[in-house]
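The values are calculated or read from the model by the stated rules, or taken from the named source; none is laboratory data. Because the structure is a prediction, the values reported are computed rather than measured. Cβ: placed from backbone, ideal geometry, glycine included. Neighbour counts: every protein chain shown.
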Amino acid sequence: MPQLSKKGIELPTSPIRKLVEHAEKAKANGIEVFHLNIGQPDIAAPKQAIEAVKKSKLNLLPYGPSQGKLSYRSKLVDYYNYHNINIETDDIIITTGASEALTFALNVICDAGDEIIIPEPFYANYNGFASAASVRVVPVISEFHSKFQLPALEKISDKITSKTKAILLCNPSNPTGYVYSKKEIQTLCELAIKHDIFLIVDEVYREFIHDGEPHYSVLSDEKASMHTVMIDSVSKRYSLCGARVGSLVSKNDSLIQNVMKFAHLRLSPPTYALMASEAALSAPKSYLEGVIKEYKARRNTLINQLEQIPNVEVSHPMGAFYCIVKLPVEDAEDFSKFLLTDFSINNKTVMLAPAKGFYSSPNVGLDEVRIAFILDQEKLILAATILEKALEAYKKFVP
Ligand SMILES: Cc1ncc(COP(=O)(O)O)c(C=O)c1O
């Protein structure tokens, strides 16, 4: 047998999809599974986006510019300006989702063996992107009982070594729902300048702010503009996950020039998807206002339901559409499996994402799950009831 690469073999599998096989079996047995495990929005995309593709008269799908069409980047400049982000078309590279933007950023910033610091728990695929770029993730724990706010600055600066190239943050955070304040972002910008490293902030959930102060983009801190990179995507904002369109934005011209080389390698972002993404920007303001209102209502309903379950603790998410929940079980992954293999009420069950995969430190978050509030409120209420009954049944299952 020819040998596969160590890198490929060691690439971590996604914890979000780990239990899929059990969910598929449950479905084959006639069980309806409420997917609270993934952030796949169920709200319709702006009709302008879908119509733009339907009306297209293209008789072939050409490559576009590697950087992304200028007309789209120009409209994005207006969109970002509206959010107090002062950038120009040349500062933007359109990517195949935020996923590609993250891969580009890590490859341009880091060499093999370099380190990036990430507050954990974090979006689990950061582990995979880092591993694919041969970069070492250095986690700094943020605490459940302080809503997962930014860890004390000394804890972060203590981790900075000669190999540290960047700090990576997700704001608002998947999986915790924490929204980093202007002060926290500015403090990290100062740290990045002091140590001459990058601060990469994944802002794909920018609009989804449910409480507290408004979102502060890392690119709004203009003093740090040579040290900052922003990652973005249309996936969640416009329910266009399958479009695969994102962006990497930075005022650092030399970084952009080098990201462009990666963009050239993959030729261009997807043609139809770009059409949909550009048209989505012309959706009326009421579209996003409605979406945000809906997620906030879902959050309130879910939190309210979960708080009524004995011995369950919820970390209040201020943004995005996820929360971390502490369950009265030793191993939340075993419990999540039990929900799919041994439990249902009226042929219905729920699928959760065990939170340990969102930490890179070993043996942390074992009793936690991440729940995505991406179902309508009626289903969320039902899902919470199923969870409560399942916890009771699990006590007998695992004495
Ligand atoms: C924090 C975060 N970043 C990036 C992504 C990937 O986004 P995209 O679909 O644009 O690749 C996700 C998807 O869930 C996410 O939650």
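Would you say Glu21 is loosely packed, with under 14 Cβ neighbours inside 10 Å and either over 23 Å from the mean Cα position of the chain (by Cα) or not polar (S, T, N, Q) (or both)?
Working: loosely packed, with under 14 Cβ neighbours inside 10 Å: yes; either over 23 Å from the mean Cα position of the chain (by Cα) or not polar (S, T, N, Q) (or both): yes.
Here the answer is yes, as Glu21 does meet what is asked.
Are any residues in the range 224-257 closer than 23 Å to Leu191 by Cβ and either under 14 Å from the mean Cα position of the chain (by Cα) or among the polar types (S, T, N, Q) (or both), and if so, which ones? Reasoning before the result, please.
Looking only at the range 224-257, we keep the residues that are closer than 23 Å to Leu191 by Cβ, and these are 224-232, 248-256.
The answer is Ser225, Thr228, Met230, Ile231, Asp232, Ser250, Asn252, Ser254.
Return the residue satisfying two criteria in turn: it lies in the range 108-133 and is within 22 Å of Leu150 (Cα to Cα) and more than 15 Å from the ligand (Cβ to nearest atom), and of such residues it is surrounded by the most Cβ atoms within 10 Å (Cβ to Cβ).
Filtering the range 108-133 for residues that are within 22 Å of Leu150 (Cα to Cα) and more than 15 Å from the ligand (Cβ to nearest atom), the one surrounded by the most Cβ atoms within 10 Å (Cβ to Cβ) comes out as Ile117.
Looking only at residues in the range 218-241 that are of a type in the set (Gly, Ala, Ser) and within 15 Å of the ligand (Cβ to nearest atom), which one is surrounded by the most Cβ atoms within 10 Å (Cβ to Cβ)?
Ser233
For the structure I just gave you, tell me whether Asp221 is over 22 Å from Glu143 (Cα atoms) and within 18 Å of the chain's Cα centre (by Cα).
Values: over 22 Å from Glu143 (Cα atoms): yes; within 18 Å of the chain's Cα centre (by Cα): no.
The answer is no for Asp221.
Return yes or no: is His264 surrounded by fewer than 19 Cβ atoms within 10 Å (Cβ to Cβ) and modelled with pLDDT under 95?
Details: surrounded by fewer than 19 Cβ atoms within 10 Å (Cβ to Cβ): yes; modelled with pLDDT under 95: no.
Taking the combined requirement at face value, the residue does not satisfy it.
Pairs only if they're at least six apart or on different chains, beta carbon under 6 angstrom, first in the range 336-356 and in the same structural domain as Glu388 (by TED's automatic domain parsing) and in contact (Cβ under 8 Å) with a residue 12 or more places away in the chain, second buried (at least 20 other Cβ atoms within 10 Å of the Cβ) and polar (S, T, N, Q); list them, first residue then second.
Qualifying pairs under 6 Å: Leu339/Thr349; Phe343/Thr349; Met351/Asn37; Leu352/Asn37; Leu352/Ser336; Ala353/Asn37; Pro354/Ser336.
Looking at (1) within 16 Å of the ligand (Cβ to nearest atom); (2) surrounded by fewer than 20 Cβ atoms within 10 Å (Cβ to Cβ); (3) under 16 Å from Phe358 (Cβ atoms), find the lone condition where Lys147 falls short.
Only one criterion in (1) within 16 Å of the ligand (Cβ to nearest atom); (2) surrounded by fewer than 20 Cβ atoms within 10 Å (Cβ to Cβ); (3) under 16 Å from Phe358 (Cβ atoms) is unmet by Lys147, namely (1).
When you look at Thr176, is it within 15 Å of the ligand (Cβ to nearest atom), among the β-branched types (Val, Ile, Thr), over 20 Å from Thr13 (Cα atoms) and part of a loop (DSSP other than H, G, I, E, B), yes or no? Please lay out each step first, then the result.
Values: within 15 Å of the ligand (Cβ to nearest atom): yes; among the β-branched types (Val, Ile, Thr): yes; over 20 Å from Thr13 (Cα atoms): yes; part of a loop (DSSP other than H, G, I, E, B): yes.
Answer is yes for this residue.
Looking at Val201, Val249, Val259, Val234, which is the one that is at pLDDT 95 or above and touching a Gly at 6+ places or on another chain (Cβ under 8 Å)? I'd like the intermediate steps shown before the answer.
Values: Val201 fails: touching a Gly at 6+ places or on another chain (Cβ under 8 Å); Val249 fails: touching a Gly at 6+ places or on another chain (Cβ under 8 Å); Val259 fails: touching a Gly at 6+ places or on another chain (Cβ under 8 Å).
On inspection, the qualifying residue turns out to be Val234.
Could you identify the single residue in Val350, Val314, Val259 that is buried (at least 18 other Cβ atoms within 10 Å of the Cβ) and farther than 30 Å from Ala390 by Cα? If you could, list the steps in order and put the result at the bottom.
Working: Val350 fails: farther than 30 Å from Ala390 by Cα; Val314 fails: farther than 30 Å from Ala390 by Cα.
On inspection, the qualifying residue turns out to be Val259.
Could you list all residues from the range 73-93 that are within 16 Å of the ligand (Cβ to nearest atom) and under 20 Å from Leu265 (Cα atoms)?
Ile92, Ile93
Looking at the range 140-149, can you tell me whether even one residue there is part of a loop (DSSP other than H, G, I, E, B), among the β-branched types (Val, Ile, Thr) and over 23 Å from Thr95 (Cα atoms)? If you could, list the steps in order and put the result at the bottom.
The initial filter retains those residues of the range 140-149 that are part of a loop (DSSP other than H, G, I, E, B), namely 142-143, 147-149.
Within this subset, residues satisfying the condition of being among the β-branched types (Val, Ile, Thr) are none.
Looking through the range 140-149, none of the residues is part of a loop (DSSP other than H, G, I, E, B), among the β-branched types (Val, Ile, Thr) and over 23 Å from Thr95 (Cα atoms).
Can you find a residue that is farther than 19 Å from Ile197 by Cα, more than 10 Å from the ligand (Cβ to nearest atom) and crowded, with 21+ Cβ neighbours inside 10 Å anywhere in the range 94-103? Even if it seems obvious, please write down each step before you answer.
So the first thing to find is which residues in the range 94-103 are farther than 19 Å from Ile197 by Cα, and the list is 94-100.
Remaining after also requiring more than 10 Å from the ligand (Cβ to nearest atom): 94.
Keeping just the survivors that are crowded, with 21+ Cβ neighbours inside 10 Å gives 94.
Yes, the range 94-103 has at least one match.
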